[in-house]
Structure formats: C-alpha cells, structure tokens
Amino acid sequence: MTEQAVPEHLTKTRNGEPVTLLEAVSEALFEEMTRDESVFLLGEDIGVYGGAFKVTRGFLEHFGAARVIDTPIAEGGFTGAAAGAAHAGLRPVVEIQFMDFISPAYDVITNYIATSLYRGAGPMPLVIRGPVGGGNRGGPFHSQNVEMAFFHTPGLKIVYPSTAYDAKGLLKAAIRDDNPVLFEEHKGLYRAPALREVLPDEDYIVPLGVARTVREGDALTIVTYGAMVHKSVEAAERMEKEDGVSVEIIDLRTLLPMDDDAIVESVKKTGRLLIVHEDTRTGGIAGEIAMRVSESAFEWLDAPMLRVTAIDAPVPYSGSLEDYFLPQTDDIVEAARYLAGY
Amino acid sequence: MTEQAVPEHLTKTRNGEPVTLLEAVSEALFEEMTRDESVFLLGEDIGVYGGAFKVTRGFLEHFGAARVIDTPIAEGGFTGAAAGAAHAGLRPVVEIQFMDFISPAYDVITNYIATSLYRGAGPMPLVIRGPVGGGNRGGPFHSQNVEMAFFHTPGLKIVYPSTAYDAKGLLKAAIRDDNPVLFEEHKGLYRAPALREVLPDEDYIVPLGVARTVREGDALTIVTYGAMVHKSVEAAERMEKEDGVSVEIIDLRTLLPMDDDAIVESVKKTGRLLIVHEDTRTGGIAGEIAMRVSESAFEWLDAPMLRVTAIDAPVPYSGSLEDYFLPQTDDIVEAARYLAGY
Amino acid sequence: SLPPEAGDAPRHAAGLPKSVLPFAGSGPSPEQPATPHPAPDFDADEALELYRLLRLTRAAESRLAVLADEGLVRMAPRRAPLREAGPVGSAFAIRRATDGTGDVFAPTFRAAGALHLFGVGIEDFFRDHLAHRVGPARESGSELHRIDWQTGLLAPVVPMGLLVEVVGGWALGVRMRGEERVGVVCDSAGATSTGAWHEGLVFAAARKSPLVLVVEAPSSVERTDKQTRLTSFSEKAPGYGLGTEEADGGDVLAVVAAVRRASERARAGEGVQMVEVRYGDDDPVERLRTRILDAAAATESEVDALEADVVSRCAEGLARARSAGPPEAPETLEGVYVESERVARRIWVGPRSQKVV
Amino acid sequence: SLPPEAGDAPRHAAGLPKSVLPFAGSGPSPEQPATPHPAPDFDADEALELYRLLRLTRAAESRLAVLADEGLVRMAPRRAPLREAGPVGSAFAIRRATDGTGDVFAPTFRAAGALHLFGVGIEDFFRDHLAHRVGPARESGSELHRIDWQTGLLAPVVPMGLLVEVVGGWALGVRMRGEERVGVVCDSAGATSTGAWHEGLVFAAARKSPLVLVVEAPSSVERTDKQTRLTSFSEKAPGYGLGTEEADGGDVLAVVAAVRRASERARAGEGVQMVEVRYGDDDPVERLRTRILDAAAATESEVDALEADVVSRCAEGLARARSAGPPEAPETLEGVYVESERVARRIWVGPRSQKVV
Ligand SMILES: Cc1ncc(C[n+]2csc(CCOP(=O)(O)OP(=O)(O)O)c2C)c(N)n1
Ligand SMILES: Cc1ncc(C[n+]2csc(CCOP(=O)(O)OP(=O)(O)O)c2C)c(N)n1
Ligand SMILES: [Mg+2]
Ligand SMILES: [Mg+2]
C-alpha cells in the first residue's frame, strides 16, 4: 500500500466531524482496504466516476485501478468473478449500482456463492453491497428492497443498517466475515441530515447477527430495520406524547441470521408485536418473524401479531402513488394504537 | 391444426384408464394445445427428445416444430422470448428442465414478466412449468423447490399440485389465465403409483386460488401442499389410528394468491395450526401463513402455530443426508401430537 | 390506445399519417425547394421530417435536464450528448401503423422524437416524466414505461438487455402468426455485456426471428474499454450468425438507410440483424441542417422557423404537462393482477380478529 | 486436502508426482520401446500416460452407467460418447501441483481420468458418485462437487456457465496476487448459450484474466442447431477479443498441444483464450492406441496389460467404494455457515413455549 494521504472528504471522523450514513459506508470501505490488502472493490462506474452515489469517490486515485475495478454491465459476471477471487484468497466487495440490478446475479449468488462452503469450496468472504429502498421517485427499477429475494437462501447473511454508526461497524464486520454477506444501504438514509453523527475515531465493528434496542417500552414491541426504524421512532414518540404509551423498538440490523433472542425477549416483556418493513407485504420478512415468535413465545402474546408494510405492487414512479404505496408513520401509529389498546 | 390422431399414450383418460400425475400434465398440455392454437411450448429438449421427463413425448410429431420449440440452454432468453410472444397474442408454456434452472430467468420473471400488466404492457398469459422437489437423490441442483424465490413478487401466481386430478385441472386453468403463472410439478409425484387415478373424460379445470380440504378433522389443521400433502395424510392416518385424533388437512394447491379463507376457517374450527412444507425453513411460506392467521384468527388459536420443514441447507446429494434433510412423516406426527396435546 | 390527435390511419403505413406527425402542416413546404443547387442525394421531405424530430429530441432533452435540476424529475436519463440519430433514425426507418399492425420499436433513452413517431405527443412525453397522469402506464411513470401496442411502442424496462429477449420473442410470435412485422431494439453499448442481451440474441438467432438490434456504440475506446476490448461491436455479430450494418451516428440519414436495409432483411426471413451506430463528435442536428441547406432542400429562414416552432411547441407541451395534476393514488394502484380489485393494504387487521373472549 | 496416496509433491510440477499418478509403476516400461519403427513424433511417456487416463475414464464411465441402471447413482451424467479427450487432454496440459500453487481446472463430466490427475483416486471417484462419504464435500455428493484447492480442482456446479464467471474471477485474483497461474474451464457447447458464460467471459476478457475456456463442440450440426446457427464456436471468440485454438477431439495429443499453447499465452498475459475441441466419430482411445503401436511406443501386449490393469483397478476401486458406508447425517450437515453449529431443525418448539397458564 502506498503511504498516500487520506482524501480530504474521508477524514471527517478523524477530525471529529459528523458523517452521513453514506460517508460512514465510504469510511468503512476505505479503512478496510487500508487495513487489509486483500480487500478490493468491483462495480459499475465505481472507479473513474466514483460510483453512482459517490461512495467510492477518490478510491481509484488512492488505491489504484487493480483494487477499484470498473466493471462492464454484467452483474452476474462480476459477482461470480468476485466469488472466484474470494477462492483465490481475496476479500472482494461488490457494488451493485442499484440493488434492483442484483437480479442478473441471482443465479450465481444462490447456486454458487451461498453453497460454496457447503459444497466444500471453502469460505466465501464476499460482500455485495448497494443502495436500496423507495421514497426517491425512482420507479420500479431504482427503488426495490432485495432482502426477500435472498432471505430464503441458506448460507447467506443479510445486513441492513439504519444509522451511520451501524453502517460503518456492520460493513467492517461484513468485510471481515468469512460468509457471503448482502449489505443493503437505503438511499433515503444516505444523506439524511438527521442521521449525521460523530463516529468513534477507532477501529470498531458492530457484530453481525445482533439486533439493537432503539428505545425501550412496555406497551408493545415494534420489530423493524432500515428506513422504517426512523418512521417507527417518529410513531413511538407521537404515541408517547399523545397517548402516554411507551413503545419498544428493535432494529434488526442483521436480517439473516436473525437475532431471535432480542425479538422474543422483548415480546415476552410487552406481549404485543408489530412488525414494520418497507418491503412489500406478501412474503415479506414479517412472516418469518411472526412464525418464530409463535414458536417461541406464543403464550406471552396478548394480541395478534400485526405488520405494516408496503403494498403488494411494483414500486410506483409517481410521487403521490409512491407515498401511498410505502408504509408511513401514520400507518404505524394506527396499527400500534390498535395493538396497545387491544 | 392437423386432424392427426391423438398419440396412443395420451388417450388413457379417453379410454377410462388411470393416469399418473405426469400423464395428467401431458394431457393438460395436449388438450390446451388442441383447444387453442395460440398455446405453444418452449424448453430444453422438449421436442425431439420429448423432455427430460418425457412430459411432451409425441408433441413435436403431433403439433409440429413451430409449436414445440427446442431451445438453447438460455432460460432467461427463452422465458423472456415467451413473454414477448405473449405480447404478440400467443399463450406460451415454458418448460424449465429442472426448476432449479429457473434462476437465470429470475431477472426477466421478476422485473419484466411480473410487472408487465402494471407497466401498461398488457396481460401476460404465460405459464412457466417444470419439475421440482427432493427425495430423488438429485443433489443441490436437481431438487430445489422454487416457490419462495417468486412468492414475494406481486403480479405472479404460483401453483403446486399434489394429485393428478389437480395437476391437470390447475394446469389447464393456468394456461387460460391472463396472469403469468409458475407451475411446480414434484418429481417424486410424477410417476407415483399411488397417485394414479381415473380422470373425468371432459374439459374440466380447477380454479386457481382455491385450496382443497383433503380430509376433515377437529383436533388440528395442517396446511400444506405438493408432496407433503401425502406425508401429512400418512401422519393423520397414523394419529387417527394410534391416538384417536382427527386432523384436518388443507392442500393449498395455489400458493399465490393464497386461499386465506380456507386456512382461517379451518383454524377457527380446530384452534391449532401446523404448516408443513418440503422447502427449507427460514423464509419459507410457513411464515406468511402464520402471519395471516395471526392477523385474522389470533383469538381462535389455542396453541402456537408450528411448522415442519426441510432443514436450512442446500439439498444434500447423499440419500442418508437427504432423508435427514427432508421433513418426514415422523416429524409431522411428532409436531401434530405436540399440538393436539397442547 | 393512441393520443386523441391520432385519428384514423391506414394500415401498414410506411410513415405515420400526417395527422400524427408532430407538427403536420407547419414548417417549410417541401414542394418549393430553392432551385440553383443540384438535386439533393436524399429525399427532402424525409430529411426535413427527420430534422424536426432531431430538434424536438434535443429540445425535449434539454428541458428534461432543467426539470431534473429542479428536482421534479428524478430518473432523467443522464446520457452522453449527440446521440439523437440512433433512436430517431431507427424509429423513422421502420413500418409504422396505428392499429397494431406495424413494426414494434423499443428505444432506450433520448428518444423524444422517436417516441413522437409512435404516438407520444410532447405534452405526454413531459407528463410521463413528471408522473402527471396520462396514458396506459399504471404507475404513470416516465418515458421508461410507455407502452402502446397500437402504434408499436415498447419503451424499456430499466434492467439492460431484457428487451432483446422480449422483442425477439414478440418477433417470433408475430412470425408464427404469419404477420410480416419486425421488432427493433435500440440498446446502448453497455447492454451488450449483459447475459440477457446474449441469451435473447442466442435464442432469436436460433429461431431466425425478425429482430433488428441497434447497438449505439460510443466512439471513445476509453469508455468502451471497461466493457469490452473491442472497438467495433459488429465483431460480435458472427458469433451469433447475425447480419450486420454499420452507420455513422452523426448522420441520421445513414442510420435510416442502415436500419431500413436491416429491417427489410429481417422481414424477408434472413434472421436477426445488428446495426452498429457509431457515434463520434459530430452533431447530427447541425450536420443535417447543413446538408439540407447545402442541398437547398429548404431555406435558412425556413429551417429557422421550423426550429422556432419546435421550441415553442416543446415549451407549450411542457407548460401543459406541468399544470396537469399527479395521479390519484388508489385508482392507479390497480393492475397488479388482471382480475385484482383495488387492494391497497399496508395495515391489515382481520375483521373478526378483535378480542372475542 | 489430498487423498492419502498423494504423499509429498514438488511445487509447480509439470505433472503430478508419480506417487499420485493412477497406476504408478504399473503398465509397460517406457524405457524399452520396440525398436524397428521410426521415432514417434510425440513423447512416448506422455502418450502412455494419456492412454491410461483415457482408458480409465472410459472404464469408469461404463461402470457408472451400470450403477445408474442399478438405481444407485441418480445423477450420472448422460453424455454423448467418445468425449474423453477434452477433459483428459486439458487436465494433462496444464501445470499441476499438490500444494495449492498450480493451475486450476474445472471440468464438466466424463472426466474420471482428468480428476485423477487432480488427486481424485478411482475409489474416491466412485464413492463420490455413490455418496459414500469421502473428501471435503459436505454433502458428500458426486463428482460434481469435488473441490480441492491443493491440487487445483474445481469440479462444477450444475447450472451451466457459472464456472466461467468464477474461474475467471479466480484467475483475476491470482494475478492480482502476482502468481503465474492459469484457470481452465471445460464446458459443453450448450454452456455457450448461457448468460453466465457470456457475462463471465465479458468480464474476464475486459480484465485480461489468465483464463482458458475449453468448448467441447459436437460435430453434428443438427445437435448444435437449436443452440446456435454456427458450425464453429470459435466464431464467438472475436466478439470477446479472445485468442483461439482448435483441436480434433478424436486426438488427445492435439488437445494437449492446443491447451498448452493457449494456457501459456494466458499465463504470459495475453488474456482469455478459447480452445474449441471438435468431436467427430473418431474414438480417441482407439486412435491413440493405434498411434502408440504404430510408433512402437509400446508393444501390443504391453498395451493390453495396461488396459487389463486399468480395468482391474477400476473394479477394485468400485468394490471398495461400494462397501464403504453412507455418511452420517447430523455430522455432515454442518457447513452452511462458517461459524454454524450442527443445527438441523425440521421441527422446532421453543423451549418455553409450552402452556404456562
Ligand atoms: C442490468 C443493469 N445494470 C445496471 C443498470 C444501470 N445503468 C443504467 S445506464 C448505465 C450505464 C450505461 O452505459 P452505456 O451502455 O455505455 O450507455 P451510455 O453511456 O450510452 O448511456 C447503467 C450501468 C441497468 N440499467 N441495468
Ligand atoms: C443453466 C442450466 N440449464 C439447464 C441445465 C440442464 N442440462 C444439463 S446438461 C444439458 C444439456 C447439455 O447439452 P450440451 O451442452 O450439448 O452437452 P452435451 O450434449 O455435450 O452433454 C442440460 C440442458 C443445466 N445444467 N444448466
Ligand atoms: Mg457509455
Ligand atoms: Mg450436446
């Protein structure tokens, strides 16, 4: 590694300045690439252009073209190649320009990458990361959440951070993990001013598979992740003020493997469960959560487990339709009030 | 259409002879192609070779090469082409040689085919069918169940028959449906002697979206589909005999859209729900069922909703491992006893 | 369904009827060319029509850029400049009809003029981008989702390459029905890297489907390098057994001629054709203007008037589109399934799930 | 990890050490060729080794067919006959080592002899197919899942084309690490239709990765027709900017030579190479036998003895494999995640989910 200076825009944490979630992702990548020469990046327009969202701005100049690889538009090809590079002892991090475009890589991810260890090909230290989520008027092909395309695939891990701190710590943990990890970054959180925070100026990680209790409460449990964490907090604050009811919120952070204990312990305390996810409804992750709670804490349930989700449709392009399509704070308040009063 | 004679092996129903599930599928295809000139077939080795499982044996000779198309090994390419042909007013039926190989078509199915109507491209009368399921020592790439790769995609329908009667009637309904339908045929049921039955010698369909009550009971409800219907029946019969307990079994038949009413009504009657699926556990369809029952019938539940499923792993090749991996009748009995005694 | 101005139209028209042309009746009269010059080596009527369409495309694109700056259009395609000739020339070259009997055209972006030929008026173009409701697209979204089987327009889904599969299949389908129609897909160079492009082409080539593939190739080798080590995409054609044409993307007349040759070969049953449109630094709009003037196909003031007309119609269309309202939510959410009711469920509590004990 | 008979081996050996060769010490002694004939135009040692491997492949395959008939092996690849030279010749041509420093080889099927070169003894070969436990493959399954990074063997996943992506990436990776190693993928003709093959190749070609692609092309145009209108797959190479070689699949020595040339070019940094192995009706085993005898590289009785030896070793290996038991379930189900415990959950009832009221 060259002893080149760290690019200015990546020194915020070092200077004690707050960073956005996007900057936290950039810092995580930069630090891991600096720490470990086997870490390298592949993706469309991540080099010369610095990435569609500029996550890797300055990386090409700093780390060179061998470690910051601009790829053709062939998500299957370069994700599969990353798997091969992982076999060769490297630790590739793939950027999918919009996670919607992970679908051409579905075959290699589910059939090859996820089964590598099981088939005897050895560990697969590979991270596939990229922007997800709606609310940006991106239409059906720039707004998808992709967790449920992969949640059913044994061998994968899936991470979906909601804060800058977690994004950095989880991404660093994902890069150091020897399993393949899908890492979803919500576009709406990338530059959200409210999420700016000063991060510890140290090499911290946030372990995969451990949920976070965002706020404690006793009236009901909301299990959620990603952008919905913040809408859930809004809803909880409103209920605190208007109804005098305290809502506990669990941010899953890692969807697979899921932190069952955190969920079950909370439900045992509150007796009521609301699951909130931005992704569409049928076949969403809410089902698995409900199933597990039923298996492990049925007797503690004092009300039906409910969910607030997007509508079962492609993501609409029109703003008015998209707002209607997505779960909103009002929906969460409505469902939570129903449960609290049950 | 030529007035050629029906091939001998496709006249069993006409002659009042029993057919296997596989033969029922063949008859459905044959009848629909005869009824409607716009129906045609695409797939690997379906023409000259008659298909890997011989489902389309004799079709090439009868209907000609324009309607029985041998394709290159390009599942995305020919599934996408089928979508285009549907736009042109045809009703294509795609065979995926083993449904495991649907993954290269994941992109076009989820992004194009499922969204066609919504994007204003019009209806999409397209059936994608093929063999699924384990128990055949096929290993990880010839044994998969693929419903959960697509269950989360609004716009698709998913059908998974368990009997010859249903296979024929559901496939005919699927071909006549104006939505894209994924049609899963379990290899282990294809030629199972126990499933031979005499079918009505008439043009019947089984409507999509309607479950079937396989047997009535009051102690608990088992919701299942595909090959697990038969293991569940075995379990129920054993419990009837050994425990004097009567188990109700619902065969979903169509997974998407799901027949919520049938499930909920049964659970309201029995108060206990066991979901059995051959597919792997985490993110399996059991979750969605549990969630819906929680939403609609929580107060009627007298016991936790449980599930019996395959283990979270790729499908093992070894027979001993595969038996261990798959849900077995003993597992169903064990879980059902637990619930009945709860 | 066509926009209202379409009216009745003859079947298999070689061009759209005048009533559907963007600015029928306006602009210079081609019957009166300036005379001292030699007769042009091109059809003057066609050249002027193409010039209008190129101008329209550019005018529309620059307004789209403004809307993007204003934050009103999020998914405005950011594309390299000077690329109007590919989609416009291709759209112009093929057989258009308004009753679902013509060729089918699937452009990518930068195609306002091409869309116009397939019945999308300039107001609709902007309404689509602004997501101000119009047309059949349920999600009312953007140029990207405009589909009209009557005029033969299949605007793209975003994941690149997929339309090669789909239009190839459509072409197979119409041929099975005995119709002599051709499908044309325009794709940027990057699409050639996708597995979808490959699989679509392999299958279409094996079936000899009447498909024309227009590959819009950038001139810069540097930009291409990350995708392929080739300098010409036509080198890919023999690997699929395709016929080929090449055309200079700075010369819309050349594009028209190349796509015409290719599409007639496809129509004649010669199988899939590839047209490589190679872009350089030439401005196709300026070049055609010069050519028209040099050949005295129109006078400078006639061309200026035509330009002014395009610009003002563009401005008017945009103004009307802006003032149109957004769609209403529940109504436009239908259409996920053919038979579906208007189900829009973000929360759900079973009607009898209330405490009963 | 190598099977026990492997022993210590030199790094970067051009061939496996004798101790790993299938029948070290057996068969004719190459030091004593029959003398009246002219010197052969090939290396006699190599030819005899190749002959053993071809014979072994055929013997193993025919036993596999019997096991399939008995219902003991379900996923026995049914393949066109006479295809031994592709995998065997390719495996033989490249640099093998036993300590993870050699080239990497990814065959499809019909490769018993090739697998042998990469450390899979004949007993293991049958144990894999019978799923009688052996080796590192967690699911203990079949030739298809045999992977050994020490010898450089990456036997395929079934979905065709994927290994082009993966081995291309492996090749990129080792080059990034400064190692002069080459990855070789053998694929049947059908794989060239897949998007995975295309995308893998596009990326590997753009990176100039040291990858050699062996395309095993059937001679029959009829069989190929549904996949492509080409008669030669090499026509695909220019579309990716690949170097090419062709070899007659009836002539294993030609395959070895072609793959050697291709792999050395790839090693030298010349980027991805394609070798088309074209099969005809020639039997590669008989042909090599004739050639060995004609050149007097061995006597007929020596060759007969070698054949008998192969057959009896094959029978012995199979007998041992048959008598080995199946794997034990819970133990072998681990390995879904690196850190996972042996979790095998078909039913689950939370420990405290029993009725508590
Ligand atoms: C499968 C897929 N992956 C990624 C994208 C995102 N994307 C849209 S345009 C584009 C770049 C296109 O580059 P090129 O083909 O050169 O087009 P041009 O430069 O002419 O716009 C990318 C990566 C996509 N649309 N589809
Ligand atoms: C993506 C994918 N689709 C389907 C299959 C199933 N399959 C296995 S072998 C085969 C035929 C292969 O034909 P070809 O490439 O000509 O090989 P050969 O005839 O030489 O065996 C097919 C369709 C597969 N393995 N992968
Ligand atoms: Mg470009
Ligand atoms: Mg073949």
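The values are calculated or read from the model by the stated rules, or taken from the named source; none is laboratory data. A quick note: this is a predicted structure, and the numbers were derived from the prediction, not measured. Don't worry about glycine lacking a Cβ; one is built from the backbone with ideal geometry, like all the others, and counts go over all protein chains shown.
Yes or no: A:GLU32 more than 9 Å from chain D (Cβ to nearest Cβ), away from ligand 3 (no atom under 16 Å from the Cβ) and not aromatic (Phe, Trp, Tyr)?
Spelling it out, A:GLU32 is indeed more than 9 Å from chain D (Cβ to nearest Cβ), away from ligand 3 (no atom under 16 Å from the Cβ) and not aromatic (Phe, Trp, Tyr).
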Criterion first (within 7 Å of another protein chain (Cβ to nearest Cβ), among the small types (Gly, Ala, Ser) and either in contact with a His (Cβ under 9 Å, 6 or more places away or on another chain) or not in a loop (DSSP other than H, G, I, E, B) (or both)) does B:GLY130 satisfy it?
no
Given the structure, is D:SER263 within 14 Å of another protein chain (Cβ to nearest Cβ) and either surrounded by fewer than 23 Cβ atoms within 10 Å (Cβ to Cβ) or part of a helix (DSSP H, G or I) (or both)?
no
Sole miss for B:GLY16 among (1) of a type outside the set (Phe, Trp, Tyr); (2) on the phi > 0 side of the Ramachandran plot; (3) without any contact (Cβ under 8 Å) to a residue 40 or more places away in the chain is condition (3)
Within the stretch B:143-196, of all residues that are away from every other protein chain (no Cβ under 14 Å) and touching a Gly at 6+ places or on another chain (Cβ under 6 Å), the one surrounded by the fewest Cβ atoms within 10 Å (Cβ to Cβ) is B:SER162
Name the one entry in A:GLU248, A:GLU242 that is over 19 Å from A:ASN145 (Cα atoms) and free of Cβ contacts under 8 Å to residues at least 24 places away in the same chain.
A:GLU242
Within the stretch C:158-244, helices (runs of 4 or more DSSP H) holding 2 or more residues that are within 9 Å of another protein chain (Cβ to nearest Cβ), under 17 Å from the mean Cα position of the chain (by Cα) and modelled with pLDDT of 95 or more:
C:162-176
Can you give me the number of residues within the stretch A:73-108 that are free of Cβ contacts under 8 Å to residues at least 24 places away in the same chain and under 21 Å from D:MET160 (Cα atoms)?
2
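So which residues in the stretch D:267-307 are of a type in the set (A, V, I, L, M, F, W, C), touching a strand residue (DSSP E or B) at 6+ places or on another chain (Cβ under 8 Å) and part of a loop (DSSP other than H, G, I, E, B)? Write out each step before concluding.
Pass one, the stretch D:267-307, residues of a type in the set (A, V, I, L, M, F, W, C): D:268, D:272, D:274-275, D:277, D:285, D:288, D:292-293, D:295-298, D:303, D:305-306.
Imposing the further condition that a residue be touching a strand residue (DSSP E or B) at 6+ places or on another chain (Cβ under 8 Å) reduces the set to D:272, D:274-275, D:277.
Selection gives D:VAL272 alone.
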Given (1) within 16 Å of ligand 2 (Cβ to nearest atom); (2) crowded, with 24+ Cβ neighbours inside 10 Å, number of the condition B:GLN97 does not satisfy
(2)
Restricting to the stretch A:286-327, name every residue that is more than 15 Å from A:VAL223 (Cα to Cα) and polar (S, T, N, Q).
A:SER296, A:SER318, A:SER320
Of the residues A:THR71, A:THR56, which is within 12 Å of chain D (Cβ to nearest Cβ), under 30 Å from B:THR110 (Cα atoms), more than 16 Å from ligand 4 (Cβ to nearest atom) and touching a Leu at 6+ places or on another chain (Cβ under 7 Å)?
A:THR71
What about B:ALA82, is it crowded, with 24+ Cβ neighbours inside 10 Å and within 18 Å of C:ALA205 (Cβ to Cβ)?
yes
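Residues are listed down the side, and each one gets a yes or a no for (1) away from ligand 1 (no atom under 16 Å from the Cβ); (2) not aliphatic (A, V, I, L, M):
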{"residue": "B:ASP100", "(1), (2)": "yes, yes"}
{"residue": "B:SER103", "(1), (2)": "no, yes"}
{"residue": "B:GLY120", "(1), (2)": "yes, yes"}
{"residue": "B:MET124", "(1), (2)": "yes, no"}
{"residue": "B:ARG129", "(1), (2)": "yes, yes"}
{"residue": "B:GLY133", "(1), (2)": "yes, yes"}
{"residue": "B:GLN144", "(1), (2)": "yes, yes"}
{"residue": "B:GLU147", "(1), (2)": "yes, yes"}
So the check is Cβ under 7 Å with 6+ separation or different chains; which pairs have a first residue in the stretch C:178-206 that's within 16 Å of ligand 4 (Cβ to nearest atom) and a second one that's part of a helix (DSSP H, G or I) and not polar (S, T, N, Q)?
C:VAL202/B:GLY77; C:VAL202/C:TYR240
Let me confirm something: among A:ASP100, A:ASP107, which residue is under 17 Å from the mean Cα position of the chain (by Cα), facing another protein chain (nearest Cβ under 9 Å) and charged (D, E, K, R)?
A:ASP100
Within the stretch A:239-250, is even one residue surrounded by fewer than 22 Cβ atoms within 10 Å (Cβ to Cβ) and closer than 30 Å to A:THR56 by Cβ?
no
How many residues are surrounded by fewer than 23 Cβ atoms within 10 Å (Cβ to Cβ), within 24 Å of the chain's Cα centre (by Cα) and in a helix (DSSP H, G or I) if we restrict to the stretch A:293-332?
6
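Okay, residues lined up against (1) in contact (Cβ under 8 Å) with a residue 12 or more places away in the chain; (2) more than 8 Å from chain D (Cβ to nearest Cβ):
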| position | (1), (2) |
| --- | --- |
| B:GLU265 | no, yes |
| B:ILE275 | yes, yes |
| B:GLU278 | yes, yes |
| B:ALA310 | yes, no |
| B:PRO316 | yes, no |
| B:ILE332 | yes, yes |
Evaluate the stretch B:119-142: report whether one residue or more is closer than 30 Å to A:GLY120 by Cα, modelled with pLDDT of 95 or more and in contact with a Ser or Thr (Cβ under 6 Å, 6 or more places away or on another chain).
yes
